[in-house]
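The block underneath contains the structure these notes are about, expressed in structure tokens.
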Amino acid sequence: MNTYKLLTPGPLTTTDTVKQEMLVDRCTWDDDYKVVTQKIRRQLLKLAHVSEDDYTTVLMQGSGTFGVESVLTSVVGDQDKVLICSNGAYGKRMVDICLHSRVPFVHYAQDYDKVPDPAHVAQLLAQDPTITHVAMVHSETTSGILNDIQSVGKVVHDAGKTFIVDAMSSFGGVDIPVAQWNIDFLISSANKCIQGVPGFSFILCRRDKLLASEGKARSLSLDLLDQWKGMEKDGKWRFTSPTHVVLAFAKALEELEAEGGIPARSRRYAENNRLLIEKMKALGFATYVGASHQGPIITTFFYPAGVSFQFSDFYNYIKQRGYAIYPGKLTEMDSFRIGNIGEIYPQDIEKLTSIIAAFLHERKEQIA
């Protein structure tokens, strides 16, 4: 059993009560279990501020990437083309999915510390009328930046295109009015801000757009429409579902509501993030993303100047004292990331930064 908390963008630290739900075995075809599945589907629509008349939920086995791949390979047909707007590794992963699955696409790559420009998206759509879909990440955990999906969604809607959003590390921790922001397909995962454990992704789909994808799927197991048809009938997953994970997620949804819903959880995460940045800057750590675009989920920090700094030593020092952080993914500069979602509170941030202060003090003494 580990004795440390995860300061990562998911998997994340869960409550003991969520973990305890996984101590019970369930049958995938049992009626009680199917009721749980259907309840989860309805609850997710409520969190997204959408009605069952206009939207529906599909649960998909696998990690968040499985959900993204399911959408891209199921709703973008051979005669369609998706514009992928990226500013990090997870936007680029959409490109990889399309390359592997031969999904027609065009790529708008933005710098990692900047958000995709809605005006440029509008220009690209005007220049290429063959584009039918636009896909982008909301919270890009490569850097911690929070992209302006609301403005891009308006541009996409005005152009009459379909909008696909990877809200993996934001849904449940940032309020997203899905219909109001013109999102047609939103993908997230069980082990992110709703604070469940890894095992399945979920997709919120505009019903008419989902039904229009008939015959487009390139995969059997990731066929979004076929998965929906089974669930819509009686809550049965087509293939073996992660039963323990589903039960844990149902409990996590209850705990989200008890905390005060997304507004309360968003406030906690934002306070964690504000305090983290404040304390880290006082210790000499600069952030990669500017304040105007910094998201509340995870923050990228540069290595400090004037200190003997090896990330592996830094990581192990912190882990031995109760917390696991994240290495950086920014290839052009030395950085690391600290997440603050999950069962994490301001006292954890206070403790973490005191550990980091002690590490720096020890290293400065060694140099002296």
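Taken together, the residues in the stretch 133-188 that are surrounded by fewer than 24 Cβ atoms within 10 Å (Cβ to Cβ), touching a Gly at 6+ places or on another chain (Cβ under 8 Å) and not in a loop (DSSP other than H, G, I, E, B) amount to 2.
Consider the stretch 198-245 and keep the residues that are among the polar types (S, T, N, Q) and open to solvent by less than 50 Å² (accessible area, probe 1.4 Å). The one that is farthest from Cys27 (Cα to Cα) is Ser213.
One residue is enough: does the stretch 28-43 have a residue meeting the conditions closer than 30 Å to Lys216 by Cα, touching a strand residue (DSSP E or B) at 6+ places or on another chain (Cβ under 9 Å), touching a residue at least 40 places away in the same chain (Cβ under 8 Å) and not polar (S, T, N, Q)? Yes: the stretch 28-43 contains one or more residues that are closer than 30 Å to Lys216 by Cα, touching a strand residue (DSSP E or B) at 6+ places or on another chain (Cβ under 9 Å), touching a residue at least 40 places away in the same chain (Cβ under 8 Å) and not polar (S, T, N, Q).
Between Leu276, Leu283, the distinction of being out of contact with any Gly (no Cβ under 8 Å at 6 or more places or on another chain), of a type outside the set (D, E, K, R) and open to solvent by less than 10 Å² (accessible area, probe 1.4 Å) belongs to Leu276 only. Tyr315 meets all of the listed conditions (1) without any contact (Cβ under 8 Å) to a residue 40 or more places away in the chain; (2) over 30 Å from Ala190 (Cα atoms); (3) open to solvent by 50 Å² or more (accessible area, probe 1.4 Å) but one, namely (2).
Of the residues contained in the stretch 340-349, none is found to be modelled with pLDDT under 95 and either within 22 Å of the chain's Cα centre (by Cα) or part of a helix (DSSP H, G or I) (or both).
Mind listing whichever residues of the stretch 1-21 are part of a loop (DSSP other than H, G, I, E, B), more than 21 Å from the chain's Cα centre (by Cα) and not hydrophobic (A, V, I, L, M, F, W, C)? The answer is Asn2, Thr3, Tyr4.
The values are calculated or read from the model by the stated rules, or taken from the named source; none is laboratory data. What you see is a predicted model; the values in this text were computed from it and never measured. Glycine also receives a Cβ, built like all others from the backbone with ideal geometry; neighbour counts cover every protein chain displayed. Heavy atoms of the whole protein, side chains included, go into the accessibility calculation; ligands, DNA and RNA do not. Shrake-Rupley method; radii C 1.70, N 1.55, O 1.52, S 1.80 Å.
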